[in-house]
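Working notes, beginning with the structure itself.
The values are calculated or read from the model by the stated rules, or taken from the named source; none is laboratory data. Bear in mind the structure is a predicted one, so any value in this text is a computation, not a measurement. Methodologically, a virtual Cβ is constructed for each residue, glycine included, from the backbone with ideal geometry; neighbour enumeration extends over all protein chains shown. Keep in mind that these areas ignore ligands, DNA and RNA; they rest on the heavy atoms of the full protein, side chains included. Shrake-Rupley method; radii C 1.70, N 1.55, O 1.52, S 1.80 Å.
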Amino acid sequence: MALRVLLLTVFWLFLGSCDRTSPEEKWVSALSQHIDSSYATLHSNSQLLVESAQAFCNQSSDINTPRQQWRKTMDAWQDVQWVRFGPIVETNDDWKIQFWPDKKNIVARKINKILDDESSIDESVVANASVVVQGLSAVELLLFDEPYVSRFSEGNLVAKQCQLLVAIANNLSSNTDKILQKWRDPKYQASWMASVHEAQDGVHANAVSDAVGAMLTQMEKVKTDKLGGPLGYKNRNRQPNGYFSEGWRSNSSLDNIKINLLTMQGLMVNDDAYDLRTLLESKGNGVIADEFQARLNDALSLLATVDKPLREAVMDVGYRPQLEELYQSIGELNTLIKTKLTVALGINLGFNSNDGD
Amino acid sequence: MQRRDFCKWSLLAVAAAGGVVCTGEEKVALNSAFQGIFSGCDDQHGQHYIAYLNSSGEFVSRVPVPQRVHGSVYVPQQQLALFFARRPGTHLYIMDTASGRLVQTLENTKDRHFYGHGVISDDGEWLYTTENNLSDLSGLIGVYSLQGTPKKVAELSSGGIGPHQLALMPGGDSLVIANGGMATHPSSGREVLNLESMAPNLAYLDLASGRVKELHEPPHHRMSIRHLDVAADGSVVFGVQHQGELTEAVPLVGRHRRGESIKWLALPEAIQLKVRQYTASVAVDAGGQTALVSCPRGNLIGCWDMASGRFLQQLESQDAAGLYRAGTNAWVSSNGVGQVSVLSGDHSSLSSRPLSSSGYRWDNHLTVI
């Protein structure tokens, strides 16, 4: 483990010291370290979630302790949720961290089935079960949904529900560790970096198009699912429904969106590393970075005006104007990524996967 | 195309037909025998092309065209390749394969557009295409005579909205049609106008009477049946593009025999989530043993056992696109990052061998001859 980190550090130092390193390689190198750090934060929070769940089940703390730690773990996930490339996608581990959207409440149904069917629940039961019950959505159900919360203080399901809570947290901790280690695999890192200069024809996928494509996918998810879902835009009747928001049980929906926007901001401007703005400036396209930041600031300002949970805000006509404006604002950001940012970087996003028939 | 290139291609085609390709000094035995490949493609600047490749995956001809091409079909009696514009395109491009030239661009009739697919009768005299009637958004099958200058002679109801891929059933007296159920109109681009009232189906159209004789609907109204292939025994395998949430566990691949109900093929949860509710090409091998389905959003090709419906394996392919049978347990595949490959091997253990790689993005379908 220590040797791996050392080798990786030497690898990046070598790249960093090479005069002929292209701006794209410098950005991808910095991005790799940024993602490494984000995965590490997610894993350390997952470990703390195990500890807080155990403390709660040992009756040495109240439910607020694991709830607070769940929020921190969810925040860490929201910060790295945009990374839809690399090992996490190849092995479907992203679904094991969070299963959402869940319009049919499959998480509750599958959790109930485990509670009904299993006499004793440990990490292996969860690891071998559907991805639906393996992640943060399942923990959110147990810690924030009233019928489950009540059962922690009364009834004969306390022990089993505690076993399940700790087992899911343990499994999440194992999975986040696995994701981190796979990301750090020098072979993967070397091939990801090599793709930057191997694919100069604009057709083959490379680390830069992976990253920008993932940024766009994430912001489309924020617009279409996280905002458009509860606003009712995904349904023909266009009726808002607060239960279609991402974190309706824990009232974390708006925090999630805020973190998603701040993550984009951090990718564009990072004073401590080679950032996307510097890459754009190296190509004489700093103006696109300005425009990107302006759009992001608009969205963040609009978000700040929503002062009640998204689940309630979408049902309140008084909040509709700013929510609709926020939706439009993120749409403009996405158009900027699709049209100007990709052109400025000389990349094409997926062909059939984005626009097939 | 240069005359020199054409002669080189002809020699390669003859060699390939015998099961051997000469590639410089070495000889590579092929598991399949085919002579050429047709497909639409785009370059990195977004220019659309119709393309003809030889059995080594090299360009014989590549002609720029104004509309993006989706599927294609070969008319052996006239040595013509027909390429269909995808929705809302109105062009049908006709390539003379002897010269590699675009010899005609057929514009669809008023208030109609193509959906990107067509099929010909066994005698090569008739062409059937899936089309949109823009006056009421109903699905049509355009019937074209290929004798002399191709021209539309009739239109039949497809049995649903948004007909996509179609195929001729063994015997040649009926068509099987994937009615995707999605209403679109060029005035609103590719936006789906009827998400809540979609009614996709798999329809069998009797060519003698021009009527739909059998129709089957999937269990969820947003399960858009889009692509299909027919095995020699008449089994139809089809792929679904689900217009619902990514987390909904709906079947994405089905098999059907006339007179029976649909049998849905098993999809492991990991694959289900990875392919993001989207399938592209469907191709059953010549022996009818194995069905392959390309999944561009999952960057993979799924393989199923036809007899049991069991999921066999996945083959990795970035932006996986075209698939077409090229023998028993053998296929040609393409993808959106310029690769063309041959897939072959044992029934339960297929592998991919690259044929060629270029800077052209292959559209979702290809035709192998």
How much net charge surrounds A:Tyr243 when only other residues with a Cβ under 10 Å from its Cβ are counted (Lys, Arg +1; Asp, Glu -1)?
+2
Rounded, prolate or oblate: which fits the range B:66-217, taking a ≥ b ≥ c as square roots of the Cα gyration tensor eigenvalues, rounded meaning a/c under 1.5, else prolate when a/b beats b/c?
oblate
Would you mind getting the accessible area per residue of chain A, heavy atoms of the protein chains only, 1.4 Å probe, in Å²?
42 Å²
Cβ under 14 Å from A:Ser44's Cβ, A:Ser44 left aside: what net charge do those residues give with Lys, Arg +1 and Asp, Glu -1?
-4
Mind grabbing the accessible area of B:Tyr49 for me, 1.4 Å probe, Å², rounded to tens?
30 Å²
Sort out for me the Cα centre separation of the range A:234-286 from the range B:124-143, rounded to whole Å.
44 Å
So, with a 1.4 angstrom probe, what is the percent of accessible area on the protein assembly as shown that is carbon and sulfur?
49 percent
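What's the local net charge at B:Ser349, with K and R +1, D and E -1, over the other residues with C-beta under 15 Å away?
Cβ neighbours under 15 Å give a net charge of -2.
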By accessible area of protein heavy atoms, probe 1.4 Å, what ranking do A:Glu118, B:Glu316, A:Glu281 get, highest first?
B:Glu316, A:Glu281, A:Glu118
Selected from B:Gly259, B:Gly118, B:Gly89 as most flexible by GNM, with chain B as the system and alpha-carbon contacts under 10 Å
B:Gly259
Per residue, how much accessible area does the range B:66-217 show when a 1.4 Å probe rolls over the protein heavy atoms, in square angstrom?
37 Å²
With springs only between Cα atoms under 10 Å, which of B:Val230, B:Val192, B:Val212 fluctuates most in a Gaussian network model of chain B?
B:Val192
In the range B:67-135, what trypsin sites (Lys or Arg not before Pro) fall in a loop by DSSP, with at most 10 other Cβ atoms inside 10 Å?
B:Lys110
Sparse-neighbourhood loop hits (GluC sites (Glu not before Pro), the range B:166-223; DSSP loop; Cβ within 10 Å at most 11 others) -> B:Glu191, B:Glu196
For the pair B and A, how large is the buried accessible area, both sides, in square angstrom to the nearest 100, if the probe is 1.4 Å?
3100 Å²
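Mind listing which trypsin sites (Lys or Arg not before Pro) in the range A:14-112 are in a DSSP loop and have 14 or fewer other Cβ atoms within 10 Å?
Of the trypsin sites (Lys or Arg not before Pro), the ones in loops of the range A:14-112 whose Cβ has at most 14 other Cβ atoms within 10 Å are A:Arg20, A:Lys104.
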How much accessible area does A:Glu324 have with a 1.4 Å probe, in Å² rounded to the nearest 10?
70 Å²
Between the alpha carbon centres of the range A:72-133 and the range B:145-184 the gap in Å comes to 43 Å
Say we join alpha carbon atoms closer than 10 Å with springs in a Gaussian network model of chain A; which of A:Asp75, A:Asp272, A:Asp225 then has the biggest fluctuation?
A:Asp272
Rounded to the nearest 500, what is the 222 nm mean residue ellipticity of the protein assembly as shown from helices alone, with -39500 (n - 2.57) per DSSP H run of 4+ residues and division by all residues?
-11000 deg cm²/dmol
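Among the listed pairs B:Lys152/B:Lys263; A:Lys226/B:Lys274; B:Lys110/B:Lys263; A:Lys110/A:Lys187; A:Lys283/B:Lys274, which are separated by more than 32 Å between their Cα atoms?
Where the Cα-Cα span goes over 32 Å, the pairs concerned are B:Lys152/B:Lys263; B:Lys110/B:Lys263; A:Lys110/A:Lys187; A:Lys283/B:Lys274.
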